[in-house]
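Report on one structure; see the data block that follows.
The values are calculated or read from the model by the stated rules, or taken from the named source; none is laboratory data. Owing to the predicted nature of the structure, the values given are computational and were not obtained by experimental measurement. Cβ sites come from the backbone with ideal geometry, for glycine too, and all protein chains shown count toward neighbours. Note: accessible area is taken over every heavy atom of the protein model, side chains too, but ligands, DNA and RNA are not part of it. Shrake-Rupley method; radii C 1.70, N 1.55, O 1.52, S 1.80 Å.
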Amino acid sequence: MTRPPTAAQRRVIDAADPVTGRLKGTGSQLDALVKRGLAFRHPRPPHDHFLTPAGHRVRETAAAAPEQPPATDPAPAPGVFTAHVGGTEEPADTGPARVREVHSAWQGLLELRRMTNPDGATDRPCGWERGHLVPAAALALEAAGHAPEAGGAPGYRVRATPQPEAVAVHAPEGEALRACANTLEQAGWQVGEYTQPRTGTRYLLASPRRV
């Protein structure tokens, strides 16, 4: 069994950028994480270090507060950015600080695309987004100014689906739903509009575009 990271390595992992996984630390700390398969050194200048999928799993495990049984929809750890996915009873935070936070997260995601897509493309999703479909789609919508469904106010809801690389996006039918589709398409997602058989409600099915 692989030894768990040391306390110092955990601090470096926990301090990684929540969206891009960019790491900061001493050369020896970063080299140790690379040797353990928890980080990689990007080949392009400035040769920053980023978490690998295994490193992201270590970070997410730490944020899950294992001393308490997980809830059905666990709250994010303090200080960790989480895009609004919609469907909450509490009103969504839409203040200036939140707007700046969302903008920073979206810019970080574009940088992650540039750094990790083989051709450096920023117009289509990267591996992190394909592994985190719901928050990735929600971030694209929130960064474009769409309001989530929250506190009784209408808006978008992003939910996982049984399909391996697709999310369902619900929004008030008509202009709002079409606007969400347009935003996701511009963000590099393939989007189709469908009707729920039982209710007749229209919704979107979105998948990250690969080419």
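Here r is the Cβ-Cβ distance between residue 54 and residue 185 and R0 is 45 Å; the resulting FRET efficiency, rounded to 0.05, is 0.90.
Spin-label pair residue 35-residue 47: with each label point 7 Å from Cα along the Cα-Cβ axis, the two points sit 1.8 nm from one another. Rounded to the nearest 500, the 222 nm mean residue ellipticity of the chain from helices alone is -11000 deg cm²/dmol, with -39,500 (n - 2.57) taken per DSSP H run of at least 4 residues. Which shape class applies to region 86-207: rounded if a/c is under 1.5, otherwise prolate when a/b exceeds b/c and oblate if not, where a ≥ b ≥ c are the square roots of the Cα gyration tensor eigenvalues? Oblate, because a/c is 1.5 or more while a/b does not exceed b/c. Which residue fluctuates the most in the chain, going by a Gaussian network model with Cα springs under 10 Å, if the choices are 85, 12, 134? Between 85, 12, 134, it is 12 that shows the largest mean-square fluctuation.
Loop exposure criterion: trypsin sites (Lys or Arg not before Pro), DSSP state outside H, G, I, E and B, at most 12 other Cβ atoms within 10 Å. Applied to the chain, the longest stretch between such sites is 25-197. For the chain, set up a Gaussian network in which alpha carbons nearer than 10 Å are linked by springs, and say which option among 137, 179, 39 fluctuates the most. The residue that fluctuates most here is 179. The solvent-accessible area of residue 28, taken with every protein chain present and a 1.4 Å probe, is close to 80 Å².
For the pair residue 201 and residue 144 in one chain, pulling the backbone fully straight at 0.36 nm per residue adds 18.1 nm over the alpha carbon distance.
Compare 199, 88, 183 in a GNM of the chain, Cα atoms joined below 10 Å, and give the one with the largest fluctuation. Among 199, 88, 183, the largest mean-square fluctuation in the Gaussian network model of the chain belongs to 199.
Name the residue farthest towards the positive end of the dipole of the chain from the options 55, 91, 138, assuming +1 on Cβ of Lys and Arg, -1 on Cβ of Asp and Glu, about the Cα centre. So the residue we want is 55. Is the shape of region 162-211 best called rounded, prolate or oblate, per the rule: a/c under 1.5 gives rounded, else a/b larger than b/c gives prolate, else oblate, with a ≥ b ≥ c the square roots of the Cα gyration tensor eigenvalues? Verdict is oblate for region 162-211. Along the chain, the exposed loop sites are GluC sites (Glu not before Pro) outside DSSP states H, G, I, E and B with at most 16 other Cβ atoms within 10 Å, and the longest stretch free of them is 90-164.
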